[in-house]
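Chemist: Dropping a structure here in structure tokens format, bear with me for questions.
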């Protein structure tokens, strides 16, 4: 025998190692091809559109494309505290004239008006002058435009135009946090009485947190009961958890609207036991109370199911052992049982929290003005104000929050441990 | 859960408090669903129990709102129900096909980048619906599929596949791969092996995933609100509109029908779960 190790060959005469690698590669491709249709479908219809949302949220090319000559000329505008040179006026005039011919000037006026109040008036004034051909293109445009309105002589308006030059902007994100770019480019806070978004973010977090807390305190005992009762009873009680789980969200919200209305059963009950006077029935819907109650009931199954599946695996003999070693039932529970259920608690709480933070339907129906959440604001901008870029920006801010929570969830529990029913 | 006879009084009290809390929570979970049922038979137009109903007077009950649901001229429930079923059925079929294939690939030990791909595939379940709605709307608008059945079906496939992927992957985790190898060694081709061996074994998982996908599509309102036009109205959209404008008893009649449907689905899902556990040899 030679000292070299002899290569093992397959029947075809190919070395076994090569043949195995080939087979494994084939298997890899086969597995990937099975996943490919869904992956491709999701990437095209779902992942890319989320990227598209990001592009829309930072896109500010409208003005950039509308005023190309202006921005070209502005490169020569050196002292920003003084009015720009003649070239900038000429560039702006030429750009604006072109827009006016294409009926696009109104859009520009509105966009600039958002940047600085009062732009709409002075651009319309310029438009009328152009239409009446009152502007002499051979003379100094700077003088003629400045004469139209005193705002054209105000350098702040020209600075505002310059601020719209970059094709991308983070201003929508700042707006979502009640901040904006001030005239000098620094970040400033909105006036105190107009800070609506920060209130909404805080309220969303607050409601998600408390709903999670309520679900935990209500879900833990019944999950424990379901896991410890004999099968024939627990199966029956499980229906109480699973039937709401499978029932339409709108049906459950409708039933809460009936229960919580002023002449509703809950109020009837309070009057009956003498808690409130008949003519002084409390408003329980269209405020935070309604949102809390309905959301807790709707999300409770998502807390109970993961807790139950963890508790089911805990052997009852552990508690007995704890007690036999001298622990009181409380000590045995706290030192033995509770630590074992922590994976279930983590899964349940994060699941409920993630669902609650993005809730839309129930708050919109029973929340009223003080119970609405950030999702309602996103829907409002998508449908009513049609400010899609702002809706996208807020959506992505929310998504970032959810992904951070999901990442923590993955570290603590692992995504593979998600169980359904 | 009888207590042992030697239990001290204070633990006995705690035990009864615990049972009382549990009773309250179960009541809290299930009772709201049962309010709808009697009120949908109300003869009057108000959404409160009338004096007649409290006295169980037969004249206070009627099928008026059910008739209104079916025959009411102004009611779009017929069209909505038809649309809902068509959309849900096609979305379920699409989700099952794409989801099962993907789950088969993901369960192979040769699958590269398993974690990343799994995270991508189930992301529609994690991302808040409102964001999915906005993103899908942008896509459908660009693709010219907004306000079409096709667009809504595709959107619901996106939302439904994660459930199929999860349930089928779970079923496949207990799957004995030697049976497919045995079939292959006996001369069966892969398609035949899948149809005759693998599919019957993973069928409970596939169907329960399909049920999730069906319910997701049938109940879905957030994404559909962005996508649907007047022609594509669904039951959830009609309910949403009805609940926003004015709570009419007809909605309660519809809600009762939906509760019956969900009961049916629950029973099916439970039977399947037990069968799949039996097949996987999980005895409890």
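Chemist: Could we say that residue A:52 is within 30 Å of residue B:158 (Cβ to Cβ) and touching a helix residue (DSSP H, G or I) at 6+ places or on another chain (Cβ under 6 Å) here? Break it down into steps so the answer makes sense when it comes.
Modeler: Working: within 30 Å of residue B:158 (Cβ to Cβ): yes; touching a helix residue (DSSP H, G or I) at 6+ places or on another chain (Cβ under 6 Å): yes.
When the stated conditions are applied, residue A:52 passes them.
Chemist: Filter the range A:277-287 down to the residues that are touching a residue at least 12 places away in the same chain (Cβ under 8 Å) and either in a helix (DSSP H, G or I) or within 14 Å of chain B (Cβ to nearest Cβ) (or both), then identify the one that is surrounded by the most Cβ atoms within 10 Å (Cβ to Cβ). Reasoning before the result, please.
Modeler: Residues of the range A:277-287 touching a residue at least 12 places away in the same chain (Cβ under 8 Å): A:281-287.
With either in a helix (DSSP H, G or I) or within 14 Å of chain B (Cβ to nearest Cβ) (or both) added as a condition, the list becomes A:281, A:284-286.
On the way: A:281: 17, A:284: 19, A:285: 23, A:286: 18.
So the residue we want is A:285.
Matching residues to (1) under 24 Å from the mean Cα position of the chain (by Cα); (2) under 22 Å from residue B:39 (Cβ atoms); (3) surrounded by fewer than 23 Cβ atoms within 10 Å (Cβ to Cβ); (4) more than 11 Å from every other protein chain (Cβ to nearest Cβ):
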{"site": "B:187", "(1), (2), (3), (4)": "no, no, yes, yes"}
{"site": "B:191", "(1), (2), (3), (4)": "no, no, yes, yes"}
{"site": "B:199", "(1), (2), (3), (4)": "yes, no, yes, yes"}
{"site": "B:209", "(1), (2), (3), (4)": "yes, no, no, no"}
{"site": "B:223", "(1), (2), (3), (4)": "yes, no, no, no"}
{"site": "B:233", "(1), (2), (3), (4)": "yes, no, yes, yes"}
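Chemist: Say whether the condition of being away from chain B (no Cβ under 14 Å) and part of a helix (DSSP H, G or I) is met by at least one residue in the range A:211-223.
Modeler: If we filter the range A:211-223 for residues that are away from chain B (no Cβ under 14 Å), which is where we start, we get A:212-213.
Retained after the next criterion (residues that are part of a helix (DSSP H, G or I)): A:212-213.
Yes, the range A:211-223 contains at least one residue that is away from chain B (no Cβ under 14 Å) and part of a helix (DSSP H, G or I).
Chemist: Can you find a residue in the range B:26-41 that is closer than 30 Å to residue A:293 by Cα, touching a residue at least 12 places away in the same chain (Cβ under 8 Å), away from chain A (no Cβ under 11 Å) and in contact with a strand residue (DSSP E or B) (Cβ under 7 Å, 6 or more places away or on another chain)?
Modeler: Checked the range B:26-41: at least one residue is closer than 30 Å to residue A:293 by Cα, touching a residue at least 12 places away in the same chain (Cβ under 8 Å), away from chain A (no Cβ under 11 Å) and in contact with a strand residue (DSSP E or B) (Cβ under 7 Å, 6 or more places away or on another chain).
Chemist: Within the range A:13-24, identify whether any single residue is in a helix (DSSP H, G or I), at the interface with chain B (Cβ under 7 Å from one of its Cβ atoms), modelled with pLDDT of 90 or more and within 23 Å of residue B:190 (Cβ to Cβ), and answer yes or no. Before you say what the answer is, go through the steps one by one.
Modeler: Of all residues in the range A:13-24, those in a helix (DSSP H, G or I) come to A:16-24.
Next cut, at the interface with chain B (Cβ under 7 Å from one of its Cβ atoms) only: A:24.
Going one step further and asking which of them are modelled with pLDDT of 90 or more, we end up with none.
No: the range A:13-24 contains no residue that is in a helix (DSSP H, G or I), at the interface with chain B (Cβ under 7 Å from one of its Cβ atoms), modelled with pLDDT of 90 or more and within 23 Å of residue B:190 (Cβ to Cβ).
Chemist: Tell me which residues, restricted to the range B:8-43, are surrounded by 14 or more Cβ atoms within 10 Å (Cβ to Cβ) and not in a helix (DSSP H, G or I).
Modeler: Of everything in the range B:8-43, those that are surrounded by 14 or more Cβ atoms within 10 Å (Cβ to Cβ) and not in a helix (DSSP H, G or I) turn out to be B:40, B:41, B:42, B:43.
Chemist: Kindly provide the set of residues from the range A:349-378 that are under 11 Å from residue A:290 (Cβ atoms) and either touching a strand residue (DSSP E or B) at 6+ places or on another chain (Cβ under 8 Å) or at pLDDT 85 or above (or both), ordered by number. Reasoning before the result, please.
Modeler: To start, the set of residues in the range A:349-378 that are under 11 Å from residue A:290 (Cβ atoms) comprises A:362-363, A:365-368, A:370-371.
Across the range A:349-378, the qualifying residues are A:362, A:363, A:365, A:366.
Chemist: Let me ask you something else. Condition check: over 30 Å from residue A:62 (Cα atoms), touching a helix residue (DSSP H, G or I) at 6+ places or on another chain (Cβ under 9 Å) and at pLDDT 85 or above. Does residue A:200 satisfy that? Spell out how you get there, then give the answer.
Modeler: Values: over 30 Å from residue A:62 (Cα atoms): no; touching a helix residue (DSSP H, G or I) at 6+ places or on another chain (Cβ under 9 Å): yes; at pLDDT 85 or above: yes.
No; evaluated as a whole, the condition is false for this residue.
Chemist: Among residues belonging to the range A:142-170 that are assigned to a helix (DSSP H, G or I), touching a helix residue (DSSP H, G or I) at 6+ places or on another chain (Cβ under 9 Å) and touching a residue at least 60 places away in the same chain (Cβ under 8 Å), point out the one that is surrounded by the fewest Cβ atoms within 10 Å (Cβ to Cβ).
Modeler: A:153
Condition check ((1) within 27 Å of residue A:399 (Cβ to Cβ); (2) not in a loop (DSSP other than H, G, I, E, B)) across all residues:
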residue: A:275; (1), (2): no, no
residue: A:291; (1), (2): yes, yes
residue: A:303; (1), (2): yes, yes
residue: A:309; (1), (2): no, yes
residue: A:327; (1), (2): no, no
residue: A:332; (1), (2): no, yes
residue: A:346; (1), (2): yes, yes
residue: A:351; (1), (2): yes, yes
residue: A:376; (1), (2): yes, yes
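Chemist: Being more than 9 Å from chain A (Cβ to nearest Cβ) and either in contact (Cβ under 8 Å) with a residue 60 or more places away in the chain or in a helix (DSSP H, G or I) (or both) narrows it down to one of B:167, B:171, so name that one.
Modeler: On the way: B:167 fails: more than 9 Å from chain A (Cβ to nearest Cβ).
Testing whether each residue is more than 9 Å from chain A (Cβ to nearest Cβ) and either in contact (Cβ under 8 Å) with a residue 60 or more places away in the chain or in a helix (DSSP H, G or I) (or both) leaves just B:171.
Chemist: Give just the number: which of (1) touching a residue at least 12 places away in the same chain (Cβ under 8 Å); (2) within 14 Å of chain A (Cβ to nearest Cβ); (3) assigned to a helix (DSSP H, G or I) does residue B:101 not satisfy?
Modeler: Unmet for residue B:101, out of (1) touching a residue at least 12 places away in the same chain (Cβ under 8 Å); (2) within 14 Å of chain A (Cβ to nearest Cβ); (3) assigned to a helix (DSSP H, G or I): (1).
Chemist: Out of everything in the range B:123-137 that is facing chain A (nearest Cβ under 7 Å) and closer than 17 Å to residue A:39 by Cα, what residue ends up being surrounded by the fewest Cβ atoms within 10 Å (Cβ to Cβ)? So that I can check it myself, show each step before the final result.
Modeler: Pass one, the range B:123-137, residues facing chain A (nearest Cβ under 7 Å): B:124, B:126-131, B:134-136.
Add one more test, that the residue is closer than 17 Å to residue A:39 by Cα, and what stays is B:124, B:126-127, B:135-136.
On the way: B:124: 26, B:126: 21, B:127: 23, B:135: 29, B:136: 28.
Of everything passing the filter in the range B:123-137, B:126 is surrounded by the fewest Cβ atoms within 10 Å (Cβ to Cβ).
Chemist: Which residue, of A:259, A:250, is at the interface with another protein chain (Cβ under 7 Å from one of its Cβ atoms), within 30 Å of the chain's Cα centre (by Cα) and either free of Cβ contacts under 8 Å to residues at least 12 places away in the same chain or not in a loop (DSSP other than H, G, I, E, B) (or both)?
Modeler: Values: A:259 fails: within 30 Å of the chain's Cα centre (by Cα).
Just one listed residue meets the conditions, A:250.
Chemist: Quick one: how many residues across the range A:262-272 are facing chain B (nearest Cβ under 7 Å) and over 24 Å from residue A:301 (Cβ atoms)?
Modeler: Final tally of qualifying residues: 1.
Chemist: Answer yes or no as to whether residue A:42 is within 33 Å of the chain's Cα centre (by Cα), crowded, with 17+ Cβ neighbours inside 10 Å and either within 10 Å of chain B (Cβ to nearest Cβ) or not in a loop (DSSP other than H, G, I, E, B) (or both). Don't jump to the end; show me each part of the working.
Modeler: Values: within 33 Å of the chain's Cα centre (by Cα): yes; crowded, with 17+ Cβ neighbours inside 10 Å: yes; either within 10 Å of chain B (Cβ to nearest Cβ) or not in a loop (DSSP other than H, G, I, E, B) (or both): yes.
Spelling it out, residue A:42 is indeed within 33 Å of the chain's Cα centre (by Cα), crowded, with 17+ Cβ neighbours inside 10 Å and either within 10 Å of chain B (Cβ to nearest Cβ) or not in a loop (DSSP other than H, G, I, E, B) (or both).
Chemist: Tell me, please, whether a residue that is surrounded by 15 or more Cβ atoms within 10 Å (Cβ to Cβ) and assigned to a helix (DSSP H, G or I) can be found in the range B:70-77.
Modeler: yes
Chemist: Another question, if that's okay. Part of a helix (DSSP H, G or I) and either surrounded by fewer than 16 Cβ atoms within 10 Å (Cβ to Cβ) or at positive phi (or both), is that true of residue A:270?
Modeler: It is false that residue A:270 is part of a helix (DSSP H, G or I) and either surrounded by fewer than 16 Cβ atoms within 10 Å (Cβ to Cβ) or at positive phi (or both).
Chemist: For the range A:50-59, indicate whether the set of residues that are in contact with a strand residue (DSSP E or B) (Cβ under 8 Å, 6 or more places away or on another chain), more than 14 Å from chain B (Cβ to nearest Cβ) and either surrounded by fewer than 18 Cβ atoms within 10 Å (Cβ to Cβ) or farther than 30 Å from residue B:113 by Cα (or both) is non-empty.
Modeler: Pass one, the range A:50-59, residues in contact with a strand residue (DSSP E or B) (Cβ under 8 Å, 6 or more places away or on another chain): A:58-59.
This time we only want the ones that are more than 14 Å from chain B (Cβ to nearest Cβ), so: A:58.
With either surrounded by fewer than 18 Cβ atoms within 10 Å (Cβ to Cβ) or farther than 30 Å from residue B:113 by Cα (or both) added as a condition, the list becomes A:58.
Yes, some residue in the range A:50-59 is in contact with a strand residue (DSSP E or B) (Cβ under 8 Å, 6 or more places away or on another chain), more than 14 Å from chain B (Cβ to nearest Cβ) and either surrounded by fewer than 18 Cβ atoms within 10 Å (Cβ to Cβ) or farther than 30 Å from residue B:113 by Cα (or both).
Chemist: Count, please, the residues in the range A:384-413 that happen to be free of Cβ contacts under 8 Å to residues at least 12 places away in the same chain and part of a helix (DSSP H, G or I).
Modeler: Applying the first criterion (free of Cβ contacts under 8 Å to residues at least 12 places away in the same chain) to the range A:384-413 yields A:384-387, A:400, A:403-404, A:407, A:410-411.
Add one more test, that the residue is part of a helix (DSSP H, G or I), and what stays is A:400, A:403-404, A:407, A:410-411.
The qualifying residues number 6.
Chemist: Let me confirm something: among A:198, A:203, which residue is under 24 Å from the mean Cα position of the chain (by Cα) and either surrounded by fewer than 16 Cβ atoms within 10 Å (Cβ to Cβ) or assigned to a loop (DSSP other than H, G, I, E, B) (or both)? First the steps, then the outcome.
Modeler: On the way: A:203 fails: either surrounded by fewer than 16 Cβ atoms within 10 Å (Cβ to Cβ) or assigned to a loop (DSSP other than H, G, I, E, B) (or both).
Of the residues listed, the single one that is under 24 Å from the mean Cα position of the chain (by Cα) and either surrounded by fewer than 16 Cβ atoms within 10 Å (Cβ to Cβ) or assigned to a loop (DSSP other than H, G, I, E, B) (or both) is A:198.
Chemist: Here's something else I'd like to know. Could you check, for the range B:138-152, whether at least one of its residues is surrounded by fewer than 24 Cβ atoms within 10 Å (Cβ to Cβ), facing chain A (nearest Cβ under 9 Å), within 20 Å of the chain's Cα centre (by Cα) and under 19 Å from residue A:398 (Cβ atoms)?
Modeler: The answer is no; no qualifying residue exists.
Chemist: Something else: Of the conditions (1) at pLDDT 85 or above; (2) more than 7 Å from chain B (Cβ to nearest Cβ), residue A:180 fails just one. Which one is it?
Modeler: (1)
Chemist: Here is a list of conditions, (1) touching a helix residue (DSSP H, G or I) at 6+ places or on another chain (Cβ under 6 Å); (2) under 29 Å from residue A:247 (Cα atoms); (3) part of a helix (DSSP H, G or I), and residue B:146 meets all of them except one; can you say which number that is?
Modeler: For residue B:146, the failing item is (3).
The values are calculated or read from the model by the stated rules, or taken from the named source; none is laboratory data. It should be emphasised that the depicted structure is a prediction, and the values quoted were computed from it without experimental measurement. Don't worry about glycine lacking a Cβ; one is built from the backbone with ideal geometry, like all the others, and counts go over all protein chains shown.
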